[in-house]
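Colleague: Here it is, the structure, as structure tokens.
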Amino acid sequence: MRTDGPSLRAGHPQHEPHPGIPTGGADQIAALVARAVRAPIGLVHLIENDRLRLYGSWGLTSRWAGAAGTPRANTLAAMIARSGEPLVIEDFSTDPRIPDGSPIRTGGITGAYAGHPVRAEHGAVLGVCCAIDTEPRIWEPADVAAVSEAAAVGTLLITGQLARQQVDSQRRFLDAVLDSLHDGVTACDADGRIVLVNSRMRQIWGGGDAPRDLDDTTLDDTTLTDGLTDGDGRPLGSDDMGLYRALRGERLRDEKLTVRSRGRRTRHLLVDAQPIIGPDGRTAGAVQAVVDVTRRRRAERFRTCELAVARALAEAKTVTDAGPRVLEAVVSTLDWVHAELWLVDAAAGLLRPAARFSAPGWAGELVVPADLPYGQGLAGRSWQVGKPLWIRDVGRPQSLISAAAAEHSQLHTALAIPVCNGTEPLGVLNFFADSVEDPEDEIVALLAGISAHIGQFVEALVVDDLQRQLTRSKNEYLALIGHELRTPLTSISAYTELLRELDPAALAADGPVMLEVIERNTARLRYIIDELLELSALDTGHTPVQLTPVDLATVVRESVESTRASIDGAPLELACDLPDELVLPGDRRRLRQIVDNLLGNAVKYSPDGGQISVSLHRIAGAAELHVSDTGIGVAQEDQDRLFTRLYRSSRVRDRAIPGTGLGLALSRAVVHRHHGTIELVDNDGPGTTVRVRLPLAAR
């Protein structure tokens, strides 16, 4: 019998323990049993299926370590497992109970063995605790008792570790199941301390950014309810949270919640919650499941938005009427805060605001310019590139909106969508959010579809307007032939007949006067025909407009001086405010034609004592010419048609003021060929003010 042995070790390279069970405690039990019986070797085995697994060891030699992989049927431990009784062998060489396939018999190993089963609480044999001597020996009852006591300790160790392993395995399984759910799950204990949060819940509460750490948080934490409202928009407190209500005994199903926070997207949630009842019937905690239905809700609202847009366009007669309703439908659908519709003025190379809408309660403010040049600003840039532009944060550098403007307006995300009919740009839709939003294809697709509807609507209005203009032009041409052309033709015909009937004496006396009348009416006919031909040529582009550097200030000054000379002695005042020089690309003769027409109208329609003023200034990259008078003015119902050909206002017709109705139409055609605009503007007093705006640099 050996009375000494190696020192206590923390395991052996040949250990193949039960997966997940640590071996440190088993090694100590093996050492204790070996020392208690004064044996050189102590072993603790686990029985796993048909294999014998070495769980703990002390004093294990290489010879015994080689038996670790022995099939279960050929082991002494198998005998203990089958019988469930202790096994004591005093001499390997003489004991007939040793199996034939055992390494003890096949390897000629000498020694003695004392083993005891390690049982689970329900009695099943989990393994074997044994002491081995390398020499035959007689085991005293105290030795057998020591091995039995060690096996009992092994039972406590193994069952405890197996229980912890099972709990850990169940927890890992539960965590894996919860983390695989699309719903966010949270549980709390009876004191309201959050004890379980799956990864989806962390993402939901983190706003889709970095998952939020909710561990050890209590329901009294007010940050949990930041931006949280119920389905009706009422802010919620801690007592209104699903878990808190479930702790009070409520059971929630499909409770609607909305999370709104500055700088993040608004999210819509559905909550189920219920209490957790313990075995004693008391509430041990509560659990809730949260599903993010933002995308589902948005899809439903997208369909509603498309219907609202279609209805608005069907019921409206103009873009001005339809625009705000369309923008309101989109803003409310996306939960964004501001939208704008810009329409292209192709002749001027500008975008002009047609409609805008801001969400009720939006505290920001965005200054909208009177117009945007091609390629400038968010709308101008979208017009230039001909595709949607998504700005994730307009306050960041290189944004198309200044940081100061973004901060003042409280805006973050911006989206611009071109409005086209085919390939022809008609305008741009601008949308703004007060939160940072990443680009979403479904939003771009929705707004692209809406912009296509608007493009078709605008194009239909243009077609209808052209048809009306064509019908009106036909009627006006007929009226012109019936009046403006027939009157001089009648006069020419009548005087020609009179000349034929005069005798030589009367012809000599009255002929020159009659010829002057014929000549005057012929000149009037020629003037009308020339203006019609010139206007048609300008509209169709057949008349070239040569753009060269022209000092517009000099052109206006010359026209003013010519007009002043023509009204010399008349009771009219003519004042001007002109710069020394204002150079722009233009056709000098055509520009003079515009100024002469405007000044001629101002003189024609101003009564005695009237005042005429002319001003020219450089404003925002353009030259602005204003010609004002204190004359008869233009009625509101006539203003939209004033620049159409052959049109004369009702006030002019009532006063029988002569004219053809071609001057302003001709001026407008010339201005458009210069990529400018001409329009009536508000006048403080009586009379009319016409504004001409011409770009300083050619497009």
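Colleague: Checking the condition in contact with a Gly (Cβ under 9 Å, 6 or more places away or on another chain) and modelled with pLDDT under 85, which residue from ILE158, ILE89 passes?
Modeller: Step by step, each of ILE158, ILE89 is checked, and only ILE158 is in contact with a Gly (Cβ under 9 Å, 6 or more places away or on another chain) and modelled with pLDDT under 85.
Colleague: Can I ask one more? From the residues in the range 409-439 that are among the hydroxyl-bearing types (Ser, Thr, Tyr) and not in a strand (DSSP E or B), which one is nearest to the chain's Cα centre (by Cα)?
Modeller: In this case the residue turns out to be SER409.
Colleague: Another question, then. ALA286 - would you say it is of a type in the set (A, V, I, L, M, F, W, C), in contact with a helix residue (DSSP H, G or I) (Cβ under 8 Å, 6 or more places away or on another chain) and free of Cβ contacts under 8 Å to residues at least 40 places away in the same chain?
Modeller: no
Colleague: Only residues in the range 86-112 that are within 22 Å of VAL147 (Cβ to Cβ) and without any contact (Cβ under 8 Å) to a residue 12 or more places away in the chain count as the first member; pair them with residues that are buried (at least 17 other Cβ atoms within 10 Å of the Cβ) and of a type in the set (Phe, Trp, Tyr), Cβ under 9 angstrom, at least 6 apart or cross-chain, and list the lot.
Modeller: ASP95/TYR113
Colleague: Look through ALA163, ALA150 and report the one residue that is touching a helix residue (DSSP H, G or I) at 6+ places or on another chain (Cβ under 7 Å) and closer than 23 Å to VAL118 by Cβ.
Modeller: ALA150
Colleague: Determine whether ASP143 is modelled with pLDDT under 85 and of a type outside the set (A, V, I, L, M).
Modeller: no
Colleague: Scan the range 22-40 for residues that are modelled with pLDDT under 85 and open to solvent by less than 10 Å² (accessible area, probe 1.4 Å) and report the count.
Modeller: Adding up the residues that qualify gives 1.
Residues checked against (1) among the small types (Gly, Ala, Ser); (2) part of a strand (DSSP E or B); (3) open to solvent by 40 Å² or more (accessible area, probe 1.4 Å); (4) touching a Gly at 6+ places or on another chain (Cβ under 8 Å):
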{"site": "ALA553", "(1), (2), (3), (4)": "yes, no, no, no"}
{"site": "GLU561", "(1), (2), (3), (4)": "no, no, yes, no"}
{"site": "GLU581", "(1), (2), (3), (4)": "no, no, yes, no"}
{"site": "LEU584", "(1), (2), (3), (4)": "no, yes, no, no"}
{"site": "ASP596", "(1), (2), (3), (4)": "no, no, yes, no"}
{"site": "SER613", "(1), (2), (3), (4)": "yes, yes, yes, no"}
{"site": "ARG618", "(1), (2), (3), (4)": "no, yes, yes, no"}
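Colleague: Only strands (runs of 3 or more DSSP E) wholly contained in the range 283-363 count here; list those with 2 or more residues that are within 30 Å of LEU696 (Cα to Cα). Break it down into steps so the answer makes sense when it comes.
Modeller: Details: elements: 283-292, 338-345, 350-358.
By residue number, 338-345, 350-358.
Colleague: In addition: What residue, of PRO549, PRO607, is open to solvent by 40 Å² or more (accessible area, probe 1.4 Å), part of a loop (DSSP other than H, G, I, E, B) and touching a residue at least 12 places away in the same chain (Cβ under 8 Å)? Spell out how you get there, then give the answer.
Modeller: Details: PRO549 fails: part of a loop (DSSP other than H, G, I, E, B).
Just one listed residue meets the conditions, PRO607.
Colleague: Any chance you could count how many residues in the range 153-200 are part of a helix (DSSP H, G or I) and closer than 17 Å to VAL291 by Cβ?
Modeller: Selection size over the range 153-200: 6.
Colleague: Here is a list: ALA698, ALA669. Which entry is touching an Asp or Glu at 6+ places or on another chain (Cβ under 7 Å) and at pLDDT below 80?
Modeller: Values: ALA698 fails: touching an Asp or Glu at 6+ places or on another chain (Cβ under 7 Å).
Being touching an Asp or Glu at 6+ places or on another chain (Cβ under 7 Å) and at pLDDT below 80 holds for just one of ALA698, ALA669, which is ALA669.
Colleague: Mind checking which residues of the range 175-201 are of a type in the set (D, E, K, R), more than 19 Å from SER238 (Cβ to Cβ) and either under 28 Å from the mean Cα position of the chain (by Cα) or at pLDDT 80 or above (or both)?
Modeller: Within the range 175-201, ASP179, ASP183, ARG200 qualify.
Colleague: Sort out which residues of the range 132-152 are out of contact with any Lys or Arg (no Cβ under 9 Å at 6 or more places or on another chain) and part of a strand (DSSP E or B), and write them in order of number.
Modeller: ILE132
Colleague: So which residues in the range 318-366 are within 28 Å of HIS675 (Cα to Cα) and of a type in the set (Lys, Arg), if there are any at all?
Modeller: Matches in the range 318-366: ARG352, ARG356.
Colleague: Restricting the search to the range 581-606, which residues are in contact with a strand residue (DSSP E or B) (Cβ under 9 Å, 6 or more places away or on another chain) and farther than 18 Å from VAL690 by Cα?
Modeller: First, the residues of the range 581-606 that are in contact with a strand residue (DSSP E or B) (Cβ under 9 Å, 6 or more places away or on another chain): 581-588, 591, 594-595, 598-599, 601-603, 605-606.
Passing the criteria: GLU581, LEU582, VAL583, LEU584, PRO585, GLY586, ASP587, ARG588.
Colleague: Can you tell me how many residues within the range 41-86 are surrounded by 15 or more Cβ atoms within 10 Å (Cβ to Cβ), modelled with pLDDT of 85 or more and assigned to a loop (DSSP other than H, G, I, E, B)?
Modeller: Adding up the residues that qualify gives 2.
Colleague: Additional query: Which number in (1) in contact with a Ser or Thr (Cβ under 8 Å, 6 or more places away or on another chain); (2) modelled with pLDDT of 80 or more; (3) surrounded by fewer than 21 Cβ atoms within 10 Å (Cβ to Cβ) marks the one condition that VAL436 misses?
Modeller: (2)
Colleague: Can you tell me which residue within the range 225-254, out of those that are open to solvent by less than 60 Å² (accessible area, probe 1.4 Å) and acidic (Asp, Glu), is nearest to ALA286 (Cα to Cα)?
Modeller: ASP240
Colleague: Going through the range 102-144 one residue at a time, which ones are within 20 Å of ALA26 (Cβ to Cβ) and open to solvent by 20 Å² or more (accessible area, probe 1.4 Å)?
Modeller: HIS116, ARG119, GLU121, ALA124, VAL125, LEU126
The values are calculated or read from the model by the stated rules, or taken from the named source; none is laboratory data. Every value quoted in this text rests on a predicted model; they were computed, and no experiment measured them. Ideal geometry is used to build each Cβ from the backbone, glycine not excepted, and the neighbour counts take in all protein chains shown. Side chains included, ligands, DNA and RNA excluded: accessible areas come from the protein's heavy atoms. Shrake-Rupley method; radii C 1.70, N 1.55, O 1.52, S 1.80 Å.
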